[in-house]
1. Using Cα atoms only, what is the angle between the long axis of helix 4-15 and the major principal axis of the chain, expressed in degrees (0 to 90) to the nearest 10?
2. Under 8 Å for C-alpha pairs, at least 6 residues apart: give me the relative contact order for the range 87-189, rounded to a whole percent.
3. Sort the range 133-192 into rounded, prolate or oblate with this rule: let a ≥ b ≥ c be the square roots of the eigenvalues of the Cα gyration tensor; rounded if a/c is under 1.5, and if a/c is not under 1.5, prolate when a/b is larger than b/c, oblate otherwise.
4. Please work out how many pairs of lysine residues in the chain are eight or more positions apart (or on different chains) and have Cα atoms closer than 26 angstrom.
5. Only four residue types carry charge here, +1 at the Cβ of Lys and Arg and -1 at the Cβ of Asp and Glu. Report the dipole size of the chain about the Cα centre in Debye, rounded to the nearest 20.
6. What is the sum of charges, Lys and Arg at +1 and Asp and Glu at -1, for the other residues whose Cβ falls under 15 Å from the Cβ of Asn73?
7. Once neighbouring chains are kept in place and the probe is 1.4 Å, which whole percent of the accessible area of the range 1-117 is contributed by carbon and sulfur?
8. Sort 45-57, 164-176, 82-94 for me by packing, meaning the mean count of neighbouring Cβ atoms within 10 Å per residue, highest on top.
Amino acid sequence: LHDWGGAIGMAWAVRHPERVKRIVLLNTGAFRNPDDQSLPPSLWLVRNTPIGSLLVRGFNAFSAGATRMAVVNKMDPKVRAAYVAPYNTWSNRIATLRFVQDIPLTERDEAYSVVLETERGLAQFQDTPVLICWGEQDFVFDDAFLTEWERILPKAEVHRYPEAGHYVLEDAGREIIPRIKRFVDESAGRAD
């Protein structure tokens, strides 16, 4: 689970714990912002201002900007193009605008009750095998989020990647992907 996948996937998991054998978390959250942490300025601009909306919908600033801000190592141009391709028109960019606007920060936000319910249910996974691979240079899901995961899931296997950003698989995929494969294979009873 990565980024919004954490909130969406863990909301599902909390409602269906009997179907969860293992969890992999990559720079994500499934709880309210730690210590009432505020949004980074770039996300605040997109969420709260008409200029932010125009930049996202008119110029694809969110998707294109993320391919630079969310990595430590420069992305291959073909990979960058793939990241921005789904958002090729004004109408297709509504998704990136809305998911920032939907971040549940206060009780007034529509998804707040869902994130609260999810947060309250996370402790039931304390004995579930959990692998956390964390890019330490994430501009959104920073060390405070990782600290919260470690508090909630103290038995989790945690690996930090100091030279990786939000798109942790782009920066450290060569190390992380085999680790995830081994972790998942263990649940299936397969050995390398």
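1. Helix 4-15 sits at roughly 40 degrees to that axis.
2. Numbers: 93 pairs, mean separation 22.5, N = 103.
This gives 22 percent for the range 87-189.
3. Values: a/c = 3.32, a/b = 1.38, b/c = 2.40.
Judged from the Cα gyration tensor, the range 133-192 comes out oblate (a/c at least 1.5, b/c at or above a/b).
4. On the way: Lys21/Lys155; Lys21/Lys181; Lys74/Lys181; Lys78/Lys181; Lys155/Lys181.
The result is 5.
5. Roughly 680 debye for the chain.
6. Numbers: positive: Arg68, Lys74, Lys78, Arg80, Arg174; negative: Asp76, Glu136, Asp138, Glu163, Glu170, Asp171, Glu175.
Summing Lys/Arg as +1 and Asp/Glu as -1 gives -2.
7. 57
8. 164-176, 45-57, 82-94
The values are calculated or read from the model by the stated rules, or taken from the named source; none is laboratory data. All values derive from a computational prediction rather than experimental measurement. Virtual Cβ from ideal backbone geometry, glycine too; neighbours counted across all protein chains shown. Remember, those area values only see protein heavy atoms, side chains included, never the ligands or the DNA or RNA. Shrake-Rupley method; radii C 1.70, N 1.55, O 1.52, S 1.80 Å.
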